[in-house]
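Step one of this worksheet: look at the structure below.
The values are calculated or read from the model by the stated rules, or taken from the named source; none is laboratory data. If you're wondering where the values come from, they're calculated on a predicted model, not measured in any experiment. Here the Cβ is made from the backbone with ideal geometry for all residues, glycine too, and neighbour counts use every protein chain on show.
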Ligand code: SF4
Ligand code: SF4
């Protein structure tokens, strides 16, 4: 998908010289392609021309504008999903003088890239406060016997404070993806999730979950060991008791039980 600049842009201009395709323009400035000029897409903030953006495919393994933006407002445009092949063709068309070998740089080739050249499904654009009001179904992470639960990572409610009205709401982490725009339930102001925000929360949740899981597993292993020792002791006590019962039965004789007669005369 093409990259887009959100309304959070502070007009610092850092991104413009980084673009290998001259796809970034200052607000109000006309953009140009093949010698033809077009009216600016945004008036007050920097903007990206989707027809010229290749998400840096062919030049970098990351979006160069997003890498330098101090406020993380260069984000994937969920409305324009594009596959790597399309972006590479665009790079070739924009730079006919250049040769792109098989090892051309691309963010799709980065370790952990998820769409490997397939169309990226548009993230659900979300007026998602619905998710905020819905109680997250709690799932035990480690032990079905414990009464302490944490939700699965995707269902974890991420708190958000609206930077327009400071209202607090929450969304499930599965919706908390880069490029998704939430609307504040109090003032309807937009709140855009950047990749930095997503990655930060992603790491926090994963770290906490693995610590939580490890703590339970360690506790359970210790408890298993203690249980095995306890059972062994109980087994020994039971065997000992049964043996003592057996010897009691040999010693205790009921009245009238046959006894060996004592013979007086030898
Ligand atoms: S993602 Fe790359 S190609 Fe697209 S606007 Fe940003 S710097 Fe330019
Ligand atoms: S780097 Fe970010 S804040 Fe600065 S002009 Fe570009 S998009 Fe706007």
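So here's what we get for this one:
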read-out	value
Restricting segment 48-63 to residues that are within 10 Å of ligand 1 (Cβ to nearest atom) and out of contact with any strand residue (DSSP E or B) (no Cβ under 9 Å at 6 or more places or on another chain), the residue that is farthest from residue 100 (Cα to Cα)	62
Matching residues in segment 11-31 - criterion: being touching a strand residue (DSSP E or B) at 6+ places or on another chain (Cβ under 7 Å), assigned to a loop (DSSP other than H, G, I, E, B) and either under 19 Å from residue 57 (Cα atoms) or in the same structural domain as residue 193 (by TED's automatic domain parsing) (or both)	15, 23
Residue count, segment 70-87 (criterion: touching a helix residue (DSSP H, G or I) at 6+ places or on another chain (Cβ under 9 Å) and either away from ligand 2 (no atom under 16 Å from the Cβ) or within 18 Å of residue 21 (Cα to Cα) (or both))	7
Given (1) part of a loop (DSSP other than H, G, I, E, B); (2) more than 14 Å from ligand 1 (Cβ to nearest atom); (3) more than 28 Å from the chain's Cα centre (by Cα), number of the condition residue 37 does not satisfy	(1)
Residues satisfying the stated conditions in segment 63-76, i.e. surrounded by fewer than 21 Cβ atoms within 10 Å (Cβ to Cβ) and within 12 Å of residue 195 (Cα to Cα)	67, 71, 72, 73
Members of segment 32-48 that are more than 15 Å from ligand 2 (Cβ to nearest atom) and either in the same structural domain as residue 192 (by TED's automatic domain parsing) or touching a residue at least 12 places away in the same chain (Cβ under 8 Å) (or both)	33
Given (1) surrounded by fewer than 19 Cβ atoms within 10 Å (Cβ to Cβ); (2) at pLDDT 85 or above; (3) in contact with a helix residue (DSSP H, G or I) (Cβ under 7 Å, 6 or more places away or on another chain), index of the condition residue 169 fails	(1)
Residue within segment 2-10 that is outside any loop (DSSP other than H, G, I, E, B), near ligand 1 (Cβ under 10 Å from one of its atoms) and out of contact with any strand residue (DSSP E or B) (no Cβ under 7 Å at 6 or more places or on another chain) present	no
Residue check, residue 45 more than 13 Å from ligand 1 (Cβ to nearest atom), under 28 Å from residue 203 (Cα atoms) and surrounded by fewer than 21 Cβ atoms within 10 Å (Cβ to Cβ)	no
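Every residue, every condition in (1) loosely packed, with under 10 Cβ neighbours inside 10 Å; (2) modelled with pLDDT of 80 or more, yes or no:
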{"position": "225", "(1), (2)": "no, yes"}
{"position": "232", "(1), (2)": "no, yes"}
{"position": "236", "(1), (2)": "no, yes"}
{"position": "241", "(1), (2)": "no, yes"}
{"position": "250", "(1), (2)": "yes, yes"}
{"position": "261", "(1), (2)": "yes, no"}
